[in-house]
Each structure stands twice: as structure tokens, then as C-alpha cells.
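Notes to accompany the following structure.
The values are calculated or read from the model by the stated rules, or taken from the named source; none is laboratory data. Keep in mind it's a predicted model, so treat the numbers as computed, not measured. Glycine also receives a Cβ, built like all others from the backbone with ideal geometry; neighbour counts cover every protein chain displayed. Side chains are part of the model used for accessible areas, which takes the heavy atoms of the whole protein and leaves out ligands, DNA and RNA. Shrake-Rupley method; radii C 1.70, N 1.55, O 1.52, S 1.80 Å.
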Amino acid sequence: DDAALAVYGHRLRRHLKSVPMDVALRQKLKNDEFDSYQGLGQQAAIRTVLTSPPDSTLIINLPTGSGKTLVTHALSLFAGKQKLVLVIVPTVGLALEQSSRVTEVLDRAGCDHGGSYALYGGQKDEERQQVLERLKIGTQRILFCSPELAIGKLRPVLFRLAQQGQLEALVVDEAHIVDQWGAEFRPEFQLLAPLFRSLKQHSPRGIRTVLMSATFSESTLQLLKDSFVLEDEQAIEIHGSFLRPEPNFNLLKVD
């Protein structure tokens, strides 16, 4: 029927207001295809992340397809020399996809190191060693990895970077998982909060914490605030949610 044809024909149903991109970000991206934000939510998220105090905790709620990825790209592009943006992702597939996307962005911007931006299990030894070496000398810029690696083998490296003031930001993508995946399934997600808090305490300079998702519930938001926000501090929240027009319900009566 017509409803099904609309879905399979990829008919556009979401119409976000196009907002001109800030000149500073456009100049960093060096890509004529990026001249506007994907709505006011993305604009608010990127502006807030880049102008917030360096030790802020930010909670970013943007629907899928509204441009959360550009938040991490912007953080990396504007990070100081020898600074690292660490992004925690739930799957190897997502780490590889994000690594590929950021490679294109940084290459166009003229600051790609030519290697991988992901660290994951099963990675070739040579590639992994190159990542670790770049972390050591401060040229990695951005890294996507699992919570298991951050809590485990990467932890001494992260503390060394924190003590040297080289951690620009700690990002959790799909941060609702911290609440939804508990002690019996990948508990490392719930260990991220104490890790982040410890890294902040060891850093002579501020480290931003950025928690991003498209599916925050009230209980999840409260848990994230209780877990990641230090005492006497307050999280900065950016909510770009809207009633999504994409869901489609079809009923067909048959004998």
C-alpha cells in the first residue's frame, strides 16, 4: 500500500530547519558540503560543547540522524595540540565506522596522522602498536574504543595522559547503555563513571565529560547525573528531541 511504498522508497518525512554553520567550524572542516547544521539541536550541542568550561559534564540528547557524530569531530578539530578525545562505543563495528568517518574529516582538515583511530580486540598487532605509540607521543587526537579496553589495558595510558593534562574530553556514545546494561552484561559500562571521575581528579587541567544518546529516559538521566557529575557541580543538558514523524504503523486484515 501507499504507506509501505513510502517507507521502502525512502520518502523524506523528517524536515529539520537548516541552520547556517558557524564560520569557525566551517573553516576547520574545509568541506563545502557542510555549510549548515542539521537543526537547532545540533547547533546548540556543538556550540555548548566547544564553549563550556573545560571540566564540564555535558548530556546531549539528539535523535538518531541529527548529527551527534559531528560533536566528536568538532571536539577533535578544536582540541589543543597533543590533546586526546576518547570516545567509548559499544561495538567494534561502530568503532571502525567512526574511525573511517573521522579519518575523512581530519584528512580534509589537514591533520590526519594516516593511521587508525580505533582500538579493538582482534586488531593487527602492528596497527595496535602504532595507536599506542601515537598516544604516547600525543599525536593520536581522537580514539574510539570499548569500555572494556578503557577500564583494562588502556587505563594506565589514560592516567598518564590525564596527569600530563593531555585528555581533552571523555565521551560515551549511546550513553543510555550505562543504565540499561547492568552487572550481568558488560558491567564495564557502569565502571566508566568512577574511571572518568578518577581521571578528572588526576588532571591538572579540566577534562570534559560528554554523554550522548538518542534514547534518554528520566531514570537514565538521573543515574548518569548521579554517577558522572562531581559533588557541588551540575551537568549541562542539551535536549534536541522532537516528535519523530518516521514511525509508520500498518494494519492489514486477512482471513
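Restricted to region 222-255, and to residues there that are assigned to a helix (DSSP H, G or I) and in contact with a Leu (Cβ under 9 Å, 6 or more places away or on another chain), the residue that is most open to solvent (accessible area, probe 1.4 Å) is Ser227. Being at pLDDT 95 or above, surrounded by fewer than 22 Cβ atoms within 10 Å (Cβ to Cβ) and under 18 Å from Pro90 (Cα atoms) is the requirement here; does Arg155 meet it? For Arg155, the condition - at pLDDT 95 or above, surrounded by fewer than 22 Cβ atoms within 10 Å (Cβ to Cβ) and under 18 Å from Pro90 (Cα atoms) - is met. Beta carbons closer than 9 Å, at least 6 apart along the sequence or on distinct chains, pair a first residue in region 36-60 that is within 15 Å of Leu25 (Cβ to Cβ) and aromatic (Phe, Trp, Tyr) with a second that is assigned to a strand (DSSP E or B) and open to solvent by 70 Å² or more (accessible area, probe 1.4 Å) for Tyr37/Pro20.
Against the test of being in contact with a helix residue (DSSP H, G or I) (Cβ under 9 Å, 6 or more places away or on another chain), surrounded by fewer than 17 Cβ atoms within 10 Å (Cβ to Cβ) and of a type in the set (A, V, I, L, M, F, W, C), the options Leu161, Leu132 yield a single qualifying residue, Leu132.
Quickly run through region 6-16 and pick out the residues that are surrounded by 11 or more Cβ atoms within 10 Å (Cβ to Cβ) and free of Cβ contacts under 8 Å to residues at least 60 places away in the same chain. Hit for region 6-16 is Leu16, nothing else. All told, Leu211 meets the bar of being touching a Leu at 6+ places or on another chain (Cβ under 6 Å), at negative phi and in contact (Cβ under 8 Å) with a residue 60 or more places away in the chain.
None of Tyr8, Tyr37 is aromatic (Phe, Trp, Tyr) and within 30 Å of Leu251 (Cβ to Cβ) except Tyr8. Just the residues that are of a type in the set (A, V, I, L, M, F, W, C) and under 17 Å from Ala169 (Cβ atoms), please, taken from region 32-61. Correct list: Ala45, Ile46, Val49, Leu50, Leu58, Ile59, Ile60. A count restricted to region 45-68 and to residues that are out of contact with any His (no Cβ under 6 Å at 6 or more places or on another chain), more than 19 Å from Ile207 (Cα to Cα) and open to solvent by less than 40 Å² (accessible area, probe 1.4 Å) stands at 5. For the criterion of being in contact (Cβ under 8 Å) with a residue 40 or more places away in the chain and among the hydroxyl-bearing types (Ser, Thr, Tyr), Ser203 passes. Considering each residue of region 91-141, count those that are closer than 21 Å to Gly80 by Cα, of a type in the set (Gly, Ala, Ser) and touching a strand residue (DSSP E or B) at 6+ places or on another chain (Cβ under 6 Å), and give that number. The total comes to 2. The residue of region 73-97 that is most open to solvent (accessible area, probe 1.4 Å), among those that are in a loop (DSSP other than H, G, I, E, B) and of a type in the set (D, E, K, R), is Lys81.
Considering each residue of region 178-189 in turn, none proves to be in contact with a Lys or Arg (Cβ under 8 Å, 6 or more places away or on another chain) and either open to solvent by less than 50 Å² (accessible area, probe 1.4 Å) or at pLDDT 90 or above (or both).
Answer yes or no: is there a residue in region 114-127 that is touching a residue at least 40 places away in the same chain (Cβ under 8 Å) and touching a Leu at 6+ places or on another chain (Cβ under 9 Å). No.
Checking each residue of region 113-131 against the condition of being within 28 Å of Gln234 (Cβ to Cβ) and of a type in the set (A, V, I, L, M) gives no match.
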